[in-house]
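What follows is a single structure, written as structure tokens, with notes after it.
The values are calculated or read from the model by the stated rules, or taken from the named source; none is laboratory data. Keep in mind the model is a prediction, meaning the values are calculated, not measured. As a convention, Cβ positions derive from the backbone with ideal geometry for all residues, glycine included, and neighbour counts pool all protein chains shown.
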Amino acid sequence: MNVTRRQFFKVCAGGLATSSAVALGFSVDNALAEVREFKLTGSSETRNTCPYCSVACGLIMYSMGDKAKNAEPSIFHIEGDPDHPVNRGTLCPKGAGLVDFIHSPDRLKYPEYRAPGASEWKRISWDEAFTRAARLMKDDRDKNFITKNSDGATVNRWLTTGFLAASASSNESGYITHKVVRSTGILAFDNQARV
Amino acid sequence: MTNHWVDIKNANVIIVMGGNAAEAHPCGFKWVTEAKAHNKATFIVIDPRFTRSASVADLYAPLRTGTDIAFLGGVINYLLSNDKIQHEYVKAYTNAPFIVKEGYEFEDGLFSGYEAAKHMYDKSTWAYEIGPDGYAKVDPTLTHPRSVFQLLKKHYSRYTPDAVSNICGTPKDTFLKVCEIIATTSVPDRTLTFMYALGWTQHTVGSQMIRTAAMVQLLLGNVGMAGGGVNALRGHSNIQGLTDLGLLSNLLPGYLTLPGDKETDYNAYISARAFKPLRPGQLDYWQNYAKFHVSLMKAWFGKAATKENKWCFNWLPKLDKVYDVLQVFELMHQGKMNGYFCQGFNPLGSIPNKAKLIAAFSKLKYMVVIDPLATETSCFWENHGEYNDVKTSEIQTEVIRLPSTCFAEENGSLTNSGRWLQWHYRGAPPPGDAKPDADIIAGIYLKLRELYQKEGGAFPDSILNLTWNYDIPHAPSPEELAKEYNGKALADLTDPKDKSKVILKKGLQLDGFAQLQDDGSTSCGCWIFSGSWTEKGNMMARRDNYDPSGLGNTLNWAFSWPANRRILYNRASCDPSGKPWDPKRRLIWWDGAKWTGVDVPDFKPDVPPGNPMSPFIMQPEGVGRLFALDKMAEGPFPEHYEPFETPIDTNPLHPKVVNNPAARVFKDDRAAFGTSKDFPYAATTYRVTEHFHFWTKHTRIASILQPEQFVEIGVELAKEKGIKDGDWVKVWSNRGFIKAKAVVTKRLKPLQVNGKTVNHVGIPIHWGFKGLAKNGYLANTLTPFVGDANTQTPEFKSFLVNIEKA
Amino acid sequence: MKNDPKKLLRYTPSERANHWLTAILFFLAALSGLSFFEPLYYPLTMLFAGGVWTRIIHPFLGVAMLISFAVMYAHFRQFNVMTPSDREWLSHVREMAGGDDRNMPEAGKFNGGQKLLFWLMTISMALLLLSGIVIWRAYFSPLFPLWLIRFSAVVHAAFGAIMIGLLLFHIYAAIWTKESIEAMLYGRVRRAWAKQHHPAWFREITGGGK
Amino acid sequence: MALQSLDITRRSATSTQPPDRRKTQEVVKLIDVSKCIGCKACQAACMEWNDTRDVIGANHGVLDNPMDLTAASWTVMRYSEVETDRGLEWLIRKDGCMHCSDPGCLKACPAPGAIVQYSNGIVDFHEESCIGCGYCIAGCPFNIPRLSKKDSKVYKCTLCSDRVAVGLEPACAKTCPTGAIVFGTKEDMYHHAEGRISDLKSRGFAKAGIYDAPGVGGTHVMYVLQHADKPELYHGLVKDPDISPLVSLWKGVAKPLVTMAFGAGILGAVMHYVTKGPNEVSEEIEKEFKDEK
């Protein structure tokens, strides 16, 4: 019976003993708090310009890897360029979320083709894409090109195919686009300046 | 922008009208808050909606959508009748003293020369009276009854505060308060800046709205001043650059223009563009047109462009009319187009009347889409239930979709609103097999050239002879292309004053457009960009943000066209004697030998003050135009015309001429306009700050911040219609309907207009049937297919709808 | 013989099982609960595989204890009705504690002190349950306003502490009163014990004889 | 040992003094509501920097979205359309952790080290020590911490403690397009706020002022308000916040008192036992029932 009593004591005093031990300072401590590891250490920086509105904020893009041959860079963070005279490091909500544009699930990755009446895209190669586009252009141009107007003046225009140019592609892309489009005689040429 | 973003901080009064800079351009808007905080600036917002810009404004004035000319016309009237103009500036730097030709008239809403059948004007009477010396006549006293000044006064005398309030719905006292604040900047040491965007351009009278603001600025002497100007806040990152590069139906790079059908003679083509000075001693810079043009043709066609073949003049297509988007989609809708390319552009969301666009696309034989994202346009043939209810199997259009890189994956330059060309660098490879736009264009071109080489065909010359001397033909580098548009010497260039002195050796990059020649010895792909990549290297990549004057002109940061100039017309910041109007804001000054300063002088550097040469050197008369001559389609003075869908059915100023008489409207589209009987509410479309156009709905963060389509209506209208916050509503126009959540707000108040209560319905764009955000209707389902008379920009900002709880 | 049939049956096997189940659950709930109350006791969470598990299981232990207690309550409520004699007993409790039971009125199955304890525990249990639900973050807290959560946190802590106090007293009383623990462990008590501590009950059971 | 571990002034559920060797400058994020355009750049930058992404929700008839703070949205803009004597005002306030000098969350937290306060004033949650009890939610005077349904840990603004630790400003402060959010030492921020307040007063906001919550010992996120006399106009910003007296009672005085009471009770019992002896069956009765033994 005594034994039982002792056992009983053990049980009911166990908790107290532990807390007393703690009270005496035998505390089981976690590691002390530290802040999150600074995530940009070691990443590569690239200067860029925000592709949205025409304030043209300066960006610093941070990518994985140190640009070594075997490291495939992937941009994981973007923030404002503090040296930029206009934005001085700031970014608007769109700009601050740019990294999600680069990695949007809706980014196109491969040339695709939709046949007349089809309900699906079909992946094609670049060569197939260029060949098909050029063939369609040439057939239409050869058929509908206007060399002279009704007054007999040389007009050299192609009116049955149009080209809508970008609003955010670079000057260099825009320049070469203009050069090529005009060389074909296209007049139905416009960009986002209006809308 | 005549000025640039940072310069806004120098303003004393800032007006955001026809735009919503805080939401659409938040980081540029910081210079408004800077001006307020450090320049004690007063900030005014004039808008149908109490926007996020208005939330930090000192004064908000509501107005009915589409009535900005009435408002600003009222401001002109206030300034003139209260003598709050900067006299010296107006007299010396505007065409106020010029005498207008006899025969010019304005009556009952029409200017002289209207041809009703053609919906066009014969503009011959909108001209100066030319004296026997061949120059325009002027009256420095401004009292001649046909002086621009007197005509201006007469024209705007009708825009009384009461008339303004009656048309715009702006309370009269609020309007007068705005006028008083604007008038404070008529002194030489205070400036006003206007910041506008598509809230002005997307009207049938959009260009004239902007003109009215420019006229206010000329009267106040604020053009060319630090903290002044008329500042277009362009919507897309490089729409300035792509416009500069002339990617438009009627343009060539650098605002050169394509020849028209009748311009068969090269010399006539040039001389029609190299205007003769209209006043003695003017610089009239467009006289150099031939130099720009020939250098362009040399850049494009190289050795094939010779003096003998008029620099390939006939290789350029000639315009029979302007093929802007509205015209093109009209033709496409008529089945007259077979192919269409969309490069980084989502017209299905961006051009009015979605139903018409779907029908038009379905008639194409082929469509090629070049884009980083899966746009609605590329998927126009996909059925997405109520959001895009099409019969896929019946659409016979072939679609080729080509993945392009985004900003982060390529080198290159973008031109911002302030005309800065800034270079950026590739940070990572593109996803999958995506290619840069230039490579895609090259790929298509090289295949096409190959086909023409093999098979021959219609007029192959221009395609076969296009200069293509890139190191890797299928992947022209941005660096090569930039050097090409900057231009280079094709022969040794000599000093015009001393022919024996070579100033630039053959093959070297040009220092700027001043070196261009019309004899084929220079090539330059875009004259206004010349100076961006010189022998010193890539000027667009410069990163020195030193700002010695504190005015924000960081001349060693990137490159600003033209000639690295930051503030256009800056000669007008000094009085005729060469003294800065405001000593605290000196941009340039005469140092005894030449013009110098904290900006690149917008003037001939060695012409001293006192010379008759005036500051607006691109104009034949050398001064700013209060009277626009024949440059505008609907009149030399802006006049208030109602939107094509007006909630008041009349024009209180002239009931017989309600809308813009010169706007181009296609027949079928006119039938698709609604009237206030069926569609009583004034609607306007716009962006919200969380999203960028139709792009960011593809990004997670932006989709989190504003996930679902909504429309905004005022508390009063909501009450009338029994609509509560968050209810589904149906909004419809004569062209279609959308369904969206209702945001009921105190920020849209009913306005009293011409004896009628007008409620607005606000329709943000941004949603569609593709993307991460909740699917929605393309807002342009509702919008009318009618555009500005000058630019053909669609009238997205003013139309009529009805609304009910769904 | 622990189960000597001559001894008096004080607690049935099911009553004993019920009591000890409640007791064990109480200990677990109290030890886990204490660890959230005061940092000194936080290491008690080690008994429950760490803080997170302690947080997860504490409310379930509480609910289990409550159910077990509810059974006990249903069973013992009838024996714990306060009578005037119990009040008399309570008024003499100081003498009792001093070891002098001469003036104590005769106790029934339970004396006044035990009955009072029973009701105090019942009240505490009820309040612990109500307040515990309000602060049960994983399932219920979001349903309640912040002020109520704060109030309940105080109530829960207070009655948790009171409950532990009551139980400490209960345990000590059992230790102090010899053979009580055996009674709850094995169910039967010596008649002498019954007559000593619960004379009225003794008479009721035995009819007054041996 | 990392730099920060010696910078701790307070640590949750710890009765002893944590290592507090280093003193760093007290930092403050000052939010000038009068400059805020409600663009949500701070929300975007917060998610981007901290690699959190909230769910894509729905529109609820207002521009606010997400509608409330969550475990993934550590800051949200709150929009209030109020009519004042100036007419319609659209007051837009960035809501999030105020980083109190006397943090109610830390006081309430039972898990040692789950909440710490650095000497620069930042109050930071350490989710690896968090047990998910939600006491901090009850402890916070501003209703800020949010429990994740997924991992049962609480989350809130860290004031970008990781950025501040390496000498950078928080992501929201850096990104803010109009400079409505500025970051610096507490002293500098007071100075900045004074300038803003005098500008606002010159524009007719007679009651413009600073919001620094003396009830919680001041905060490390302060507001400049146009109507400092009526903070409740700003989507119910708490007027005169303090740690609830209930929380102070619960996690303050009650703790030692109860422990002492337990100790006293146990000690009393022992004393009673050894002085009074056990309560046994009397000799008399034992004799009567002799046969039982």
**Message:** Looking at (1) in contact (Cβ under 8 Å) with a residue 24 or more places away in the chain; (2) more than 14 Å from every other protein chain (Cβ to nearest Cβ), which one does B:F313 not meet, given that it meets all the others?
**Reply:** (2)
**Message:** On the basis of being in contact with a Phe, Trp or Tyr (Cβ under 8 Å, 6 or more places away or on another chain) and either at the interface with chain B (Cβ under 9 Å from one of its Cβ atoms) or charged (D, E, K, R) (or both), does D:N65 make the cut?
**Reply:** no
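Within the stretch B:453-479, track down each residue that is more than 7 Å from chain A (Cβ to nearest Cβ) and either assigned to a helix (DSSP H, G or I) or β-branched (V, I, T) (or both). Don't jump to the end; show me each part of the working.
To start, the set of residues in the stretch B:453-479 that are more than 7 Å from chain A (Cβ to nearest Cβ) comprises B:453-456, B:460-461, B:464-465, B:467-475, B:477, B:479.
Across the stretch B:453-479, the qualifying residues are B:Q453, B:K454, B:E455, B:D461, B:L464, B:T467, B:I472, B:E479.
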**Asked** Taking D:E81 and the conditions (1) part of a strand (DSSP E or B); (2) crowded, with 20+ Cβ neighbours inside 10 Å; (3) of a type in the set (D, E, K, R), which numbered condition does it fall short on, given that it satisfies the others?
**Response** (2)
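If the requirement is being among the charged types (D, E, K, R) and more than 9 Å from every other protein chain (Cβ to nearest Cβ), which of these qualifies: D:D151, D:D162, D:D124? Even if it seems obvious, please write down each step before you answer.
Working: D:D162 fails: more than 9 Å from every other protein chain (Cβ to nearest Cβ); D:D124 fails: more than 9 Å from every other protein chain (Cβ to nearest Cβ).
When all the criteria are applied, what remains is D:D151.
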**Item:** Test set (1) away from every other protein chain (no Cβ under 12 Å); (2) part of a helix (DSSP H, G or I); (3) without any contact (Cβ under 8 Å) to a residue 12 or more places away in the chain; (4) more than 22 Å from B:V32 (Cα to Cα) - D:Y190 fails condition number
**Value:** (3)
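I need the full set of residues from the stretch D:53-80 which are among the hydrophobic types (A, V, I, L, M, F, W, C) and under 22 Å from D:D124 (Cβ atoms), in order please.
Here is the first cut: in the stretch D:53-80, the ones among the hydrophobic types (A, V, I, L, M, F, W, C) are D:55-56, D:58, D:62-63, D:67, D:69, D:71-72, D:74, D:76-77.
Hits for the stretch D:53-80 are D:L69, D:A71, D:A72, D:W74, D:V76.
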**Message:** I'd like the full set of residues that are within 14 Å of chain D (Cβ to nearest Cβ), without any contact (Cβ under 8 Å) to a residue 40 or more places away in the chain and not polar (S, T, N, Q), limited to the stretch C:28-42.
**Reply:** C:L31, C:F36, C:E38, C:P39, C:L40, C:Y41, C:Y42
**Message:** Suppose we filter D:S73, D:S34 for residues that are closer than 27 Å to D:R203 by Cβ, assigned by TED's automatic domain parsing to the domain that holds D:L237, crowded, with 22+ Cβ neighbours inside 10 Å and among the hydroxyl-bearing types (S, T, Y); which single one remains?
**Reply:** D:S34
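Does D:R93 satisfy the criteria of being under 30 Å from B:G762 (Cα atoms) and more than 7 Å from chain B (Cβ to nearest Cβ)? Steps first, answer last, please.
Values: under 30 Å from B:G762 (Cα atoms): yes; more than 7 Å from chain B (Cβ to nearest Cβ): yes.
Yes: the conditions hold for D:R93.
Residue by residue, here is whether (1) free of Cβ contacts under 8 Å to residues at least 40 places away in the same chain; (2) in a loop (DSSP other than H, G, I, E, B); (3) under 30 Å from C:V155 (Cα atoms) holds:
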residue	(1), (2), (3)
C:Y11	no, yes, no
C:H19	no, no, yes
C:F26	no, no, yes
C:L44	yes, no, yes
C:I56	no, no, yes
C:M65	no, no, yes
C:L90	yes, no, yes
C:E95	yes, no, no
**Prompt:** Is it fair to say A:N87 is surrounded by fewer than 18 Cβ atoms within 10 Å (Cβ to Cβ) and polar (S, T, N, Q)?
**Reply:** no
**Asked** In the stretch B:407-425, how many are surrounded by fewer than 24 Cβ atoms within 10 Å (Cβ to Cβ) and either aliphatic (A, V, I, L, M) or at the interface with another protein chain (Cβ under 7 Å from one of its Cβ atoms) (or both)?
**Response** 1
**Complete:** Filtering the stretch B:379-406 down to residues that are within 7 Å of chain A (Cβ to nearest Cβ) and within 20 Å of A:S104 (Cβ to Cβ) yields B:R401, B:L402, B:P403, B:C406
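Answer with yes or no whether B:V328 is touching a strand residue (DSSP E or B) at 6+ places or on another chain (Cβ under 7 Å) and either touching a residue at least 24 places away in the same chain (Cβ under 8 Å) or among the hydrophobic types (A, V, I, L, M, F, W, C) (or both).
Details: touching a strand residue (DSSP E or B) at 6+ places or on another chain (Cβ under 7 Å): yes; either touching a residue at least 24 places away in the same chain (Cβ under 8 Å) or among the hydrophobic types (A, V, I, L, M, F, W, C) (or both): yes.
Here the answer is yes, as B:V328 does meet what is asked.
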**Prompt:** Between residues in the stretch B:255-267 that are farther than 18 Å from A:I146 by Cα and residues that are among the basic types (K, R) and part of a helix (DSSP H, G or I), which pairs lie under 8 Å by C-beta distance while being six or more apart or on different chains?
**Reply:** B:Y266/B:K310
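Wholly within the stretch A:98-195, which helices (runs of 4 or more DSSP H) include no fewer than the required count, namely at least 1 residues that are surrounded by fewer than 18 Cβ atoms within 10 Å (Cβ to Cβ)? Let's see the steps before the verdict.
Details: elements: A:98-102, A:126-144, A:171-184.
Once the helices (runs of 4 or more DSSP H) in the stretch A:98-195 are filtered for at least 1 residues that are surrounded by fewer than 18 Cβ atoms within 10 Å (Cβ to Cβ), what remains is A:126-144.
Here is a check on your reading of the model: is B:N570 within 14 Å of chain A (Cβ to nearest Cβ) and out of contact with any helix residue (DSSP H, G or I) (no Cβ under 7 Å at 6 or more places or on another chain)? Can you show your working first?
Working: within 14 Å of chain A (Cβ to nearest Cβ): no; out of contact with any helix residue (DSSP H, G or I) (no Cβ under 7 Å at 6 or more places or on another chain): yes.
When the stated conditions are applied, B:N570 does not pass them.
Identify, please: which residue in the stretch C:50-104 is of a type in the set (G, A, S) and in contact with a Gly (Cβ under 8 Å, 6 or more places away or on another chain) and is, among those, surrounded by the fewest Cβ atoms within 10 Å (Cβ to Cβ)?
Residues of the stretch C:50-104 of a type in the set (G, A, S): C:50-51, C:62, C:64, C:68, C:70, C:74, C:85, C:91, C:97-99.
Narrowing further to those that are in contact with a Gly (Cβ under 8 Å, 6 or more places away or on another chain): C:62, C:85, C:99.
Details: C:G62: 25, C:S85: 16, C:G99: 14.
Per the stated criteria, the residue is C:G99.
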**Prompt:** Which residues, taken from the stretch A:67-101, are charged (D, E, K, R), at the interface with chain B (Cβ under 8 Å from one of its Cβ atoms) and either farther than 18 Å from A:E45 by Cβ or over 18 Å from the mean Cα position of the chain (by Cα) (or both)?
**Reply:** A:D83, A:R88, A:K94, A:D100
**Message:** Tell me whether the stretch B:18-27 contains one or more residues that are within 14 Å of chain D (Cβ to nearest Cβ), surrounded by fewer than 24 Cβ atoms within 10 Å (Cβ to Cβ), within 24 Å of B:R234 (Cβ to Cβ) and aliphatic (A, V, I, L, M).
**Reply:** no
